[in-house]
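Before any comments, here is the structure.
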Amino acid sequence: MKKIKTIMALLVITLCMSIIIPDIVPSTNAISTVNAATKITLNSTKLTMVKKDSYSLKITGTKRKANWTSINKSVVTVSKNGKVKARGNGKATIIAKVGKKKFKCEVEVTTKKKIDAKLSKIYTWTCSDIWNNGFCNIYHYIEDGNGYSGQQINIDKTISKLNSALKKKSSYNKYVNSLTNKKYIKYIKSWNIINSEVDIPHKIIKETKPVASSNSYFPSEKLGAEIWTLFSLVY
C-alpha cells in the first residue's frame with residue numbers, strides 16, 4: 001500500500017510539471033536572532049543534533065568576547081569559542097553572555113531514525129497537503145476547471161485548506177534548518193528552495209481568486225520540480 005501511495009504521488013507530480021528549470025538558487029539556511037538595540041547576533045537559536053555532531057555558534061556585531069555555558073553538559077558541551085558537541089540524547093540550552101546581555105540556543109540531541117521520520121512527515125505534508133491537494137489542484141482548475149485528476153473541486157474550500165496547511169510551514173522550516181548532521185545538507189538545500197517557491201503562487205491566490213478555465217498565469221513548475229528532488233532524498 002505504501003508503494004502504491006508513493007507511485008501515485010510521483011504520477012501527480014509528473015502530471016503537474018510541464019517545465020523543469022534546474023538553475024534554482026536556494027535561500028540561505030542560516031538562522032539568526034538580532035537584538036535591535038545593539039545588533040548583536042547569534043547565528044542559531046535552535047539546533048537538532050545527532051550524537052557526536054558538532055556545530056560552531058557565533059556572536060557577531062560586537063568585539064566583546066562571549067562567555068559560553070551549557071545548561072546540560074551530559075547532552076551537549078560548549079567550548080570557550082562556542083563550539084557545541086553532542087554528547088548524549090536529550091535537550092539542553094546553550095547560553096552566550098556578552099556583557100549584561102544573554103543569548104540562548106535550544107539544542108536537542110536525537111537519533112537519525114527519529115530525524116528521518118520527521119523529514120518524511122514534512123515531505124508528505126509538502127507533497128500531499130501543499131502540492132497535490134493545493135497548488136496542483138489550483139493550477140489545473142485555472143487550466144481546465146477541474147482538479148489535477150479531472151475531479152470537480154470547490155475552489156474556496158481548496159484555498160481554505162491550503163491556507164490552513166501552510167500554517168505549519170514556519171515550524172517545519174525552523175526544524176529543517178536546525179539540523180547539523182552532514183547527512184541532511186541536500187535535504188536542507190531542497191527544502192529551502194521549496195520554502196521560498198511556495199510563497200510565489202500563494203501570494204497570487206491571496207491577491208486574486210483563481211478563475212476556472214481562465215488559463216491565467218500561475219507559476220508552479222519550479223515548486224513541482226523541487227518536490228520531486230525532495231522525494232528522491234526521502235525515499
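Here are a few things to note about the model shown:
- Scanning the stretch 174-204 for residues that are under 19 Å from Lys112 (Cα atoms), aliphatic (A, V, I, L, M) and in contact (Cβ under 8 Å) with a residue 12 or more places away in the chain turns up Val176, Leu179, Ile188.
- Those residues of the stretch 171-186 which are hydroxyl-bearing (Ser, Thr, Tyr) and under 9 Å from the mean Cα position of the chain (by Cα), in sequence order: Ser171, Tyr172, Tyr175
- Flag for Lys121 being out of contact with any Phe, Trp or Tyr (no Cβ under 8 Å at 6 or more places or on another chain) and touching a residue at least 60 places away in the same chain (Cβ under 8 Å): no
- Residue that is modelled with the highest pLDDT [pool: residues in the stretch 196-235 that are of a type in the set (Asp, Glu) and out of contact with any helix residue (DSSP H, G or I) (no Cβ under 8 Å at 6 or more places or on another chain)]: Asp199
For (1) crowded, with 20+ Cβ neighbours inside 10 Å; (2) within 25 Å of Tyr187 (Cα to Cα); (3) modelled with pLDDT of 95 or more, each residue gets a yes or a no:
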site	(1), (2), (3)
Leu57	yes, yes, yes
Ile71	no, no, yes
Ala86	yes, yes, yes
Ser120	no, yes, yes
Thr126	yes, yes, yes
Asn133	no, yes, yes
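- Any helices (runs of 4 or more DSSP H) falling wholly within the stretch 124-235 and containing at least 3 residues that are of a type in the set (Ser, Thr, Tyr): 155-165, 169-176, 185-197
- Top-ranked residue of the stretch 88-103 - restricted to ones that are among the small types (Gly, Ala, Ser), part of a strand (DSSP E or B) and on the phi < 0 side of the Ramachandran plot, ranked as surrounded by the most Cβ atoms within 10 Å (Cβ to Cβ): Ala92
- Contact map, the stretch 205-228: residues that are over 17 Å from Thr126 (Cα atoms) paired with residues that are among the hydroxyl-bearing types (Ser, Thr, Tyr) and open to solvent by less than 80 Å² (accessible area, probe 1.4 Å), Cβ distance under 7 Å, separation 6+ or inter-chain. Pairs shown: Pro210/Tyr141; Ala212/Tyr141; Phe218/Tyr139.
- Subset of the stretch 136-152 (residues that are farther than 19 Å from Ile194 by Cβ and open to solvent by less than 40 Å² (accessible area, probe 1.4 Å)): His140, Tyr141, Ile142, Gly145, Gly147
The values are calculated or read from the model by the stated rules, or taken from the named source; none is laboratory data. Being a predicted model, the structure only gives us computed values, none of them experimental. Glycine also receives a Cβ, built like all others from the backbone with ideal geometry; neighbour counts cover every protein chain displayed. Keep in mind that these areas ignore ligands, DNA and RNA; they rest on the heavy atoms of the full protein, side chains included. Shrake-Rupley method; radii C 1.70, N 1.55, O 1.52, S 1.80 Å.
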